Every structure is written in C-alpha cells, then in structure tokens.
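*Asks:* Can you keep this structure in mind? I'll have questions shortly.
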Amino acid sequence: IDLPCTAQGGNSRVEWKFQRGSSLALVYYNSKLTDNYKSRVELYPTGIRFKSVTRKDTGTYTCEVINAAGDAFLSVVNLVVQVPPSKPTAKVPTSATIGSNAVLKCIESDGSPLPTFTWYKDNVLLPTNPKASPLFRNSSYTIDEKTGVLAFEPLTGFDTGEYHCEAKNGVGSGQKSEAIRMEATELNVGGIVAAVVVVAIVLGLIGFGVWFACSRG
Ligand SMILES: *[C@@H]1O[C@H](CO)[C@@H](O)[C@H](O)[C@H]1NC(C)=O
C-alpha cells in the first residue's frame, strides 16, 4: 500500500504520524522509520509504502513537511484495512420470563471496518420495527445494528424460537452465528403461591406467640 505525501519535496524535513482514535504514533521521525514500522515500511520521495498491513493499521496518516524557512505543510491520508467478519457468537438466554426484559447479544471481533448486525428468528429476518410487520407485531423489541444488541422490552409468549445473528461489513460475505433456542416462560405461579403460604404461616405463628405471651401476663 502506497500512502502519498503531496506536501513532500525539496530540501525539507519530513515526519509521518499515525492516529487511531486517541492513540498517536510516529512512523517516520528524525530521518528514521520508527521501530514499529522499519521492518515493513519504506520511505520514497513521494510517500511511504507498507509491505504488509493488518487491521490495526486502519487510521489516519499525516505527513508533515517543514521547509528551510520553517513553514509546515500537512498531507493527510485515511487508510481502511479491510478484513471480512468472522463467524459471530450469539449470546441468547435459553429461557426468560414473559413480561421481563430479555437481552440478546451478537459478538464479532475481527471485521474491519466494524460490522453491522442483523437478527433472525426461526430463519426469518427480524424487522427493525416489529409493530410495522404482520409477523412480529405481537413482539416489543429494539435492535441496535451497531452493537448487535436485540432487547425484548418486555418479552411476550410469541417470542419463543430459534435465534441467530449475522455480521456484515461489506468485505467478503456476511457471517452467521449458530442458532440458539430461547423459551419464553410463564411466571412461576406455583412458586409465588408457596411463598405466600409460607409468609401466612410465619405471620400466624408470630400472632399466636403474641397472644400466648399476653394471655400469660
Ligand atoms: C398476535 O396475537 C393475536 C391475538 O392473541 C393472535 O391471534 C395472532 O395469531 C398473533 N400473531 C402472531 C403473528 O403470532
């Protein structure tokens, strides 16, 4: 990959810097390629050449040229190293209670640029707005295609099914996760009845104790 520097030329001092998010690194400085780059970068009169790149080289390269008079000129190149997504992992609860919120996540960490995510239920693509779709209008969920989060708020009995997700970034083909079955279950009514009975028995015992203590003075 050649990164041209249009500001370069003449008897000038040249520096190359690399910026990715908030991290800044020097590529060429003090008439030398820095340690991180000297094995795979060459300097030319018209720019620099990478012999190989990884997705970590995605970022902004700035060539700064300072002429004999001390004037500085900049030339900026954005580099996007393209890597297709790998197979994502779907984090899906195997069971969740109807009426509660359920969160499903799609995780992929290789794609460059960052992939966007879609979700499928029983091999049917989940529309972004369930209320506008005859198949999903009984469901309440939101999909964040950047983070890969599918959030049911709240879960309904119609949401039981097999879920998988897909990651795409326009490089190579999209990648699909394994499908995982999520069961939307009723509230545990038996457990609630048992809890109420236990509380009633405890209150009864306390009442009896108070009555017994009073009756004995
Ligand atoms: C939505 O709910 C209604 C009423 O309970 C039901 O008749 C219908 O089949 C449901 N639709 C889907 C797609 O599940």
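The values are calculated or read from the model by the stated rules, or taken from the named source; none is laboratory data. Because the structure is predicted, anything quoted here is derived from the model rather than measured. Quick reminder, even Gly has a Cβ in these numbers, built from the backbone with ideal geometry, and neighbours come from all protein chains shown. We work out accessible area using only protein heavy atoms, side chains counted, and drop any ligands, DNA or RNA first. Shrake-Rupley method; radii C 1.70, N 1.55, O 1.52, S 1.80 Å.
*Asks:* Just to verify a result, which residue in the range 64-84, among those that are in contact with a Gly (Cβ under 7 Å, 6 or more places away or on another chain) and open to solvent by less than 40 Å² (accessible area, probe 1.4 Å), is farthest from Ser177 (Cα to Cα)?
*Replies:* Among them, the one singled out is Leu79.
*Asks:* Let me ask another. Checking Val171 against (1) within 16 Å of the ligand (Cβ to nearest atom); (2) in a loop (DSSP other than H, G, I, E, B); (3) in contact (Cβ under 8 Å) with a residue 40 or more places away in the chain, only one condition comes out false. Which one?
*Replies:* Evaluating Val171 over (1) within 16 Å of the ligand (Cβ to nearest atom); (2) in a loop (DSSP other than H, G, I, E, B); (3) in contact (Cβ under 8 Å) with a residue 40 or more places away in the chain leaves (1) as the failure.
*Asks:* Those residues that are of a type in the set (Val, Ile, Thr) and either over 18 Å from Lys168 (Cα atoms) or in contact with a Gly (Cβ under 8 Å, 6 or more places away or on another chain) (or both), I need them from the range 85-107; list them, please.
*Replies:* Across the range 85-107, the qualifying residues are Val92, Thr94, Thr97, Ile98, Val103, Ile107.
*Asks:* Scan the range 128-138 for residues that are within 16 Å of the ligand (Cβ to nearest atom) and surrounded by fewer than 17 Cβ atoms within 10 Å (Cβ to Cβ) and jot them down.
*Replies:* Asn129, Lys131, Ala132, Ser133, Pro134, Leu135, Arg137, Asn138
*Asks:* Same structure again: Pairs only if they're at least six apart or on different chains, beta carbon under 7 angstrom, first in the range 129-145 and more than 18 Å from Gly99 (Cβ to Cβ) and touching a residue at least 24 places away in the same chain (Cβ under 8 Å), second more than 12 Å from the ligand (Cβ to nearest atom) and open to solvent by 70 Å² or more (accessible area, probe 1.4 Å); list them, first residue then second.
*Replies:* Ile143/Thr128
*Asks:* In addition: Leu33 passes all but one of (1) surrounded by 14 or more Cβ atoms within 10 Å (Cβ to Cβ); (2) in contact (Cβ under 8 Å) with a residue 12 or more places away in the chain; which number fails?
*Replies:* That leaves (2) as the condition not met.
*Asks:* A follow-up question, please. Go through (1) open to solvent by 20 Å² or more (accessible area, probe 1.4 Å); (2) within 16 Å of the ligand (Cβ to nearest atom) for Lys176 and report which single condition fails.
*Replies:* Of (1) open to solvent by 20 Å² or more (accessible area, probe 1.4 Å); (2) within 16 Å of the ligand (Cβ to nearest atom), only one is false for Lys176: (2).
*Asks:* Sticking with this one: If you scan the range 150-161, which residues turn out to be open to solvent by 40 Å² or more (accessible area, probe 1.4 Å) and either within 12 Å of the ligand (Cβ to nearest atom) or under 18 Å from Ile107 (Cβ atoms) (or both)? Give the steps one after another, and end with the answer.
*Replies:* First pass over the range 150-161, keeping only residues open to solvent by 40 Å² or more (accessible area, probe 1.4 Å): 153-154, 157-158.
Scanning the range 150-161 gives Gly157, Phe158.
*Asks:* Which one is farthest from the ligand (Cβ to nearest atom), of the residues in the range 101-127 that are polar (S, T, N, Q) and at pLDDT 95 or above?
*Replies:* Thr116
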